[in-house]
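The numbers here are math on the coordinates, done by the rules we state, and not lab data. Predicted model, so just to flag it, every value in this text is computed and none were measured. Cβ sites come from the backbone with ideal geometry, for glycine too, and all protein chains shown count toward neighbours.
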Amino acid sequence: MSAEQIRKQQPLQQPDRQKQVKVKVHKQKWFSTGEKFLYSIATTVVLATSVFLVQTSAETDTINRDIRELEQDISKQESLNENLAYQVKELSNPDRILSIAKENGLNIQNAQVKQAGKIKNN
């Protein structure tokens, strides 16, 4: 074969290459559009739930602290009330009242002294 014959055959082979069909390769996506939508909704729900739980926990903690403070205030007030009730009993002792009356010049003719009851307001 001569060089001319080879050159004539080459143009014939080139059209064969041009006839080849180009195939489009579709790259497969990791997630479809619907899956992305579902994942975003699920993520939003999880985040909203976690924020709600943290907020509720913080509010509960605040309420518990307030309750403890109120219980402490109540116990202090009860202690104070008991001390005052004891002082009232101590100060209303008939012997003490008689000694103060004698110091201020009150003459007691009858030796029987009765303690007055509390006045009830209706």
Check your understanding: How many residues are outside any helix (DSSP H, G or I) and exposed (fewer than 11 other Cβ atoms within 10 Å of the Cβ) if we restrict to segment 82-101?
Key -> 0
Point to revise | Hits in segment 32-58 (condition: within 28 Å of the chain's Cα centre (by Cα) and among the β-branched types (Val, Ile, Thr)) | key: 41, 43, 44, 45, 46, 49, 51, 54, 56
